[in-house]
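The values are calculated or read from the model by the stated rules, or taken from the named source; none is laboratory data. Because the structure is a prediction, the values reported are computed rather than measured. Here Cβ is always computed from backbone atoms with ideal geometry, including for glycine, and neighbour counts include all displayed protein chains. All accessible areas refer to the heavy atoms of the entire protein, side chains included, with ligands and DNA or RNA removed. Shrake-Rupley method; radii C 1.70, N 1.55, O 1.52, S 1.80 Å.
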Amino acid sequence: RDRKPIIAIDGPAGAGKSTVARLVAANLGLVYLDTGAMYRAMTWLVQQSGIDLDDECAIAELAAKCVIELAPSQNLDSPVQVCVNGYDVTTQIRTPEVTSKVSAIAAQTAVRLELVKQQQNWGKKGGLVAEGRDIGTHVFPDAEVKIYLTASVEERALRRLQDFKKQGLPEVDLEQLEKDIAERDWKDSTRKVSPLQKADDAVEIKTDGLHTSDVTAKIVDFYQQRLSQM
Ligand code: CDP
Ligand code: CDP
């Protein structure tokens, strides 16, 4: 074997991918890769450049030149630090403005080709917990462990609401959040290029009512089982 193992975690918004992937990586001493942050950074870049979101040619050029740097924070509660073309966009990529447009940018072939290439570079040596939408199906189809995390839209919207409260962000309407999440799920699962989909060999974990530590323990157990079989 010429690389260390890879854990691929996919699923819809608010399923707990980021939180759990970070905990699993810390627990097993692996590197955490947040691929959603890359699509968010690309979306920010497009908005910043004033390019029309439909202008796939201009966006393709922008994507080919974009340099995205990710530095997972040591603090398990804070998101990865993200820089694009030298700008620190860690907080900017989490704004509603970016969130509402990211699925449209992530559906573009040229954007995916470029970002997937960067993600696969991260994975060359393995030793990675990568999370996103197409990790087990497309980015790392030979990952040793594939997890598909889900939860009901209601539960995922509630989690987001609590996240906003914790961060002291302005009050958002729960029903609106549910709608936004359902719309993004729909866009991500129906796009032509590598849509959100459970890989045939992924283990599905329904996380409604589970604590993040329960989900983390399940994945760590599963990883250790897989390694002992190899
Ligand atoms: O954290 P949250 O689930 O809200 O979103 P995210 O993981 O940061 O991903 C943001 C968006 O990027 C998703 O809604 C997808 O449109 C896109 N994405 C993707 O297409 N492929 C990935 N591997 C990761 C994210
Ligand atoms: O990355 P993704 O959008 O899938 O989810 P996230 O950004 O990790 O957000 C999930 C939120 O739900 C976090 O506040 C978690 O603490 C919480 N949560 C969870 O992730 N998993 C559970 N089983 C229960 C709660």
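Pairs linking a residue in the range 34-61 that is closer than 14 Å to residue 108 by Cα and away from ligand 2 (no atom under 16 Å from the Cβ) to a residue that is in a helix (DSSP H, G or I) and open to solvent by 50 Å² or more (accessible area, probe 1.4 Å), with Cβ atoms under 7 Å and 6 or more positions apart or on different chains, are 53/101.
For the range 66-89, the condition holds for at least one residue, the condition being that it is away from ligand 1 (no atom under 14 Å from the Cβ), among the hydroxyl-bearing types (Ser, Thr, Tyr) and more than 27 Å from residue 215 (Cβ to Cβ). Checking each residue in the range 174-200 for being surrounded by 13 or more Cβ atoms within 10 Å (Cβ to Cβ), free of Cβ contacts under 8 Å to residues at least 60 places away in the same chain and in a loop (DSSP other than H, G, I, E, B) picks out no residue at all. Candidates are the residues of the range 109-136 that are within 18 Å of residue 184 (Cβ to Cβ) and surrounded by fewer than 23 Cβ atoms within 10 Å (Cβ to Cβ); the one that is farthest from ligand 2 (Cβ to nearest atom) is 112. Per the listing 126, 168, 136, the residue uniquely more than 16 Å from the chain's Cα centre (by Cα), within 13 Å of residue 7 (Cα to Cα) and outside any strand (DSSP E or B) is 126. When the residues of the range 2-14 are filtered to those that are touching a residue at least 12 places away in the same chain (Cβ under 8 Å), more than 8 Å from ligand 2 (Cβ to nearest atom) and assigned to a loop (DSSP other than H, G, I, E, B), which remaining residue is most open to solvent (accessible area, probe 1.4 Å)? For the range 2-14, the residue satisfying everything is 4. In this structure, does residue 57 turn out to be out of contact with any helix residue (DSSP H, G or I) (no Cβ under 7 Å at 6 or more places or on another chain) and in a helix (DSSP H, G or I)? Yes: the conditions hold for residue 57. Screening the range 146-173 for residues that are touching a residue at least 24 places away in the same chain (Cβ under 8 Å) and open to solvent by 50 Å² or more (accessible area, probe 1.4 Å) and picking the one that is farthest from ligand 1 (Cβ to nearest atom) gives 154.
Filtered by the rule that a residue be open to solvent by less than 70 Å² (accessible area, probe 1.4 Å), modelled with pLDDT under 95 and assigned to a loop (DSSP other than H, G, I, E, B), the range 71-100 gives 72, 73, 78, 79, 80, 95. Within the range 15-42, being near ligand 1 (Cβ under 8 Å from one of its atoms), open to solvent by less than 10 Å² (accessible area, probe 1.4 Å) and either of a type in the set (S, T, N, Q) or more than 20 Å from residue 113 (Cα to Cα) (or both) holds for 15, 35.
Filtered by the rule that a residue be over 26 Å from residue 98 (Cα atoms) and away from ligand 1 (no atom under 16 Å from the Cβ), the range 174-207 gives 200, 201, 203, 204, 206.
Pairs meeting the criteria (first residue in the range 201-228 and touching a residue at least 24 places away in the same chain (Cβ under 8 Å), second residue open to solvent by 80 Å² or more (accessible area, probe 1.4 Å) and within 14 Å of ligand 2 (Cβ to nearest atom), beta carbons under 7 Å, at least 6 apart or on different chains) are 205/218. With respect to the conditions (1) at pLDDT 95 or above; (2) assigned to a helix (DSSP H, G or I), residue 228 lacks only one, and its number is (1).
What about residue 143, is it surrounded by fewer than 19 Cβ atoms within 10 Å (Cβ to Cβ), under 18 Å from the mean Cα position of the chain (by Cα), over 16 Å from residue 16 (Cβ atoms) and away from ligand 1 (no atom under 11 Å from the Cβ)? No: the conditions fail for residue 143.
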